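K.L.:
Shown below is the structure under consideration.
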Amino acid sequence: MKKDALEQIRARLAYQKELKANAHGHTHAEEVNEMYKWIKISFMVGLPICFVSSLKDIFFGEHPHEHEGAQPEYMKIRTSSFPWDCEDCALFDQKCWNACRAEKLVGN
């Protein structure tokens, strides 16, 4: 059994050496040069894309914001109330929370 195990290990090592000898690998210097080539390509392509997209957002990036003032009823459609004290207020709508708390203070 030991003899079979040793033969199998030797055969495996011989096969690995054969694969390594037949492999057309690159040297360490070639690998480093390839890495730096892709770093340069990334900067040459990526930075201009980021710069142009930032300029586009600065100059053409107007997006609609929520309008101030009263909203039409169809903008506040809810099938159920929120699970906190002021059921009609969104979680981070501080103006609504202040108005709701003021109403509750006046009501008490």
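K.L.:
Against the 2.2 N^0.38 Å scaling, with N counting residues, where does the range 1-90 land? I'd like the Cα-based Rg ratio to two decimal places.
P.N.:
Compared with the compact-globule rule of thumb, the range 1-90 sits at 2.69.
K.L.:
Shifting gears a bit: Express in % the proportion of alpha carbon pairs of the range 45-108 at distances exceeding 16 Å.
P.N.:
Percent of Cα pairs beyond 16 Å in the range 45-108: 66.
K.L.:
Give the ranking of W38, W97 by solvent-accessible surface, highest area first, calculated with a 1.4 Å probe.
P.N.:
W38, W97
K.L.:
GluC sites (Glu not before Pro), restricted to the range 30-108: which are DSSP loop and have at most 15 other Cβ atoms within 10 Å?
P.N.:
Qualifying residues, ordered by number: E62, E66, E68, E87.
K.L.:
Can you give the calculated 222 nm mean residue ellipticity of the chain, where each DSSP H run of n ≥ 4 adds -39,500 (n - 2.57) and the sum is split over every residue, rounded to the nearest 500 deg cm²/dmol?
P.N.:
Here the helix-only value at 222 nm equals -22000 deg cm²/dmol.
K.L.:
Still on this structure, please answer the following. Of I41, S80, N22, which is farthest towards the positive pole of the range 1-87's charge dipole, taken about the Cα centre with +1 and -1 on the beta-carbons of Lys, Arg and Asp, Glu respectively?
P.N.:
Working it through, the farthest residue towards the positive pole turns out to be N22.
K.L.:
Just checking the chain: which Cys have no other cysteine's beta-carbon under 4.7 Å?
P.N.:
Result for the chain is C50, no neighbouring Cys Cβ within the cutoff.
K.L.:
Within the chain, what whole-number % of the accessible surface is contributed by carbon and sulfur, with the 1.4 Å probe and all protein chains included in the calculation?
P.N.:
63 percent
The values are calculated or read from the model by the stated rules, or taken from the named source; none is laboratory data. Because the structure is predicted, anything quoted here is derived from the model rather than measured. Positions of Cβ are generated from backbone atoms using ideal geometry, with glycine treated the same way; all protein chains shown enter the neighbour counts. Accessible surface is based on the protein model in full, side chains and every heavy atom, while ligands, DNA and RNA are left aside. Shrake-Rupley method; radii C 1.70, N 1.55, O 1.52, S 1.80 Å.
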